[in-house]
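Contents: one structure, followed by commentary.
The values are calculated or read from the model by the stated rules, or taken from the named source; none is laboratory data. Quantities reported herein were computed from a predicted structural model and do not represent experimental measurements. Methodologically, a virtual Cβ is constructed for each residue, glycine included, from the backbone with ideal geometry; neighbour enumeration extends over all protein chains shown.
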Amino acid sequence: MDVPARPLAISPCLAECDWSTTGDVLGGELLFACDGCGSEWVVSQAWTPVDWRGLVPDAVRRERDADRDREHGR
Ligand SMILES: [Zn+2]
């Protein structure tokens, strides 16, 4: 990809964390953002976001699964 990746915004997550896709693509990866604290995430990050309940959001889990499938060449 020719799109240069910029640093992600990473904030200490709050009790209101609520992750969703932004519809934007960063460096060829789907960009997710937290409505609660403004943090951002893409699938190549080593960490995985959780919402205020401590659960990995469905959209994030789907992106993780899709990324794992890509690594396995499927
Ligand atoms: Zn957050």
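Points to keep in mind about this one:
- Evaluation of W52 against (1) surrounded by 13 or more Cβ atoms within 10 Å (Cβ to Cβ); (2) within 14 Å of the ligand (Cβ to nearest atom); (3) closer than 14 Å to L8 by Cβ (one fails), failing number: (3)
- Against the criterion of being polar (S, T, N, Q) and in contact with a Ser or Thr (Cβ under 6 Å, 6 or more places away or on another chain), S39 qualifies.
- Flag if S11 is part of a loop (DSSP other than H, G, I, E, B), at pLDDT 95 or above and in contact with a strand residue (DSSP E or B) (Cβ under 8 Å, 6 or more places away or on another chain): no
- Residue in the range 10-18 that is within 12 Å of the ligand (Cβ to nearest atom), under 26 Å from E71 (Cβ atoms) and over 10 Å from the mean Cα position of the chain (by Cα) present: yes
- Scan the range 27-46 for residues that are within 14 Å of the ligand (Cβ to nearest atom) and not in a strand (DSSP E or B) and the total you get is 6.
- Test: residue in the range 32-39 that is surrounded by fewer than 14 Cβ atoms within 10 Å (Cβ to Cβ) and under 14 Å from the mean Cα position of the chain (by Cα): yes
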